Every structure is written in structure tokens, then in C-alpha cells.
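Peer 1: Handing you this structure, nothing more for now.
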Amino acid sequence: MKKAMSIHDEMKALQSGELEYSPERLTVCAAYCRHRLLSLSKSLESRAVPDAYREQAKASAQKFSEFLCWVEEQGIQTEPLANQGNTL
């Protein structure tokens, strides 16, 4: 039985070329990244956030942002497709 890849592993594999991508797959990953960036941003608004979480959240945000930049470099529009009913 083949183990499913985590979204993080899948994003790394897409970027490295180990995994072929389709516009649909990139759209799903990009939508996930946008959702996570929004969630992280909201969670960091509180001053009561522990420093350790803040650092971890910033590192995660950086990874999601880098992936979104990479997707943009591929020349595939993901925004319109992501708004056609895809939910997380």
C-alpha cells in the first residue's frame, strides 16, 4: 500500500521536479497556501502569541509564500480556478 504524501512533501516534490504537475494540482496547492497564509496572519495578530509559535508560524508562512512565487513563475493562473468552488 502506497502512503499518501503530505501537502508539504507534495509541494517540495512539485518544486524539485520529482512530481509532475497539472494546473489543477497547482491550483489546489496554491489555494491551500493562500488559506494557510491567511490563517497564520490572523493567528499572529494577538500579542499573547508565544514567541516559539510566532517563529514557527513565520517559517511556515515563508514556505507557503515561496511556493506561491514558484507557482507564479510556472505561468499558470491559479486564482480564477481556485475561486470556482474549490474548498479546503
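The values are calculated or read from the model by the stated rules, or taken from the named source; none is laboratory data. If you're wondering where the values come from, they're calculated on a predicted model, not measured in any experiment. Calculation scope for accessible area: heavy atoms of the full protein, side chains included, ligands and nucleic acids excluded. Shrake-Rupley method; radii C 1.70, N 1.55, O 1.52, S 1.80 Å.
Peer 1: Against the condition under 18 Å from SER16 (Cα atoms), open to solvent by less than 40 Å² (accessible area, probe 1.4 Å) and under 10 Å from the mean Cα position of the chain (by Cα), how does ALA30 come out, does it pass?
Peer 2: Criteria met by ALA30.
Peer 1: Among the residues of the stretch 33-55, write down those that are part of a helix (DSSP H, G or I), polar (S, T, N, Q) and over 12 Å from the mean Cα position of the chain (by Cα).
Peer 2: Those that are part of a helix (DSSP H, G or I), polar (S, T, N, Q) and over 12 Å from the mean Cα position of the chain (by Cα): SER41, SER43.
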